Amino acid sequence: MDMLLDLTLRWAHFIAGIIWVGHNYSSVVQRPSWQPLRAEELSDDRSPRFQALLNREHGFFRWASVVTWSAGLLMLWRQGWLIDALALQGSLAPIGVGMYIGTLMMLNVWLVLWPHQKKVLGLVPAGIDERLRCSRITHLSSRTNTMLSIPLLFFMATGSHGGLL
């Protein structure tokens, strides 16, 4: 039963991570010229671009961050590695750095990106000027997570495959 739980955690961590990083990938690589919304796009909530944004933002990426982070933490805890990873001790230091980056990314999604995105999407009342300001913040927040995913993947792979230390 322990082996099944470990396998489930590993796959949940992997699949949710793909969804989460894939969302960042689609924001940056597939649409490198994507810019924050303009006032005329925000004034018509039925515009195709606005509706595409609405559909994408109501996807799984926010919850994928929670599943990825939680499964990773549980895997470290079950192995007895969590304390050493948190303390950046020995061979678990790289995976600990990856864990801290992942925590920062998840907090960015929930505490910066999503509260502002709700205003952009009209889920929280806000004027056009506020929605434009929030559009820029979500744009930068998404880019920040995309850039952080590069060292995150490096440290996670290094930590789980012997490391450089």
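Restricting Gly127, Gly90, Gly122, Gly159 to those that are small (Gly, Ala, Ser) and closer than 21 Å to Ala12 by Cβ reduces the list to Gly159.
Regarding Phe50, is this residue modelled with pLDDT under 90, of a type in the set (A, V, I, L, M, F, W, C) and open to solvent by less than 30 Å² (accessible area, probe 1.4 Å)? Yes; evaluated as a whole, the condition is true for this residue. Against the list (1) open to solvent by 20 Å² or more (accessible area, probe 1.4 Å); (2) at pLDDT below 90; (3) among the aliphatic types (A, V, I, L, M), the condition Ala64 fails is (1). Considering only residues in segment 95-118 that are more than 26 Å from Trp77 (Cβ to Cβ) and free of Cβ contacts under 8 Å to residues at least 12 places away in the same chain, the one that is nearest to the chain's Cα centre (by Cα) turns out to be Pro115.
The values are calculated or read from the model by the stated rules, or taken from the named source; none is laboratory data. Bear in mind the structure is a predicted one, so any value in this text is a computation, not a measurement. Every residue, glycine among them, receives a Cβ derived from its backbone with ideal geometry; neighbour counts consider all protein chains shown. Calculation scope for accessible area: heavy atoms of the full protein, side chains included, ligands and nucleic acids excluded. Shrake-Rupley method; radii C 1.70, N 1.55, O 1.52, S 1.80 Å.
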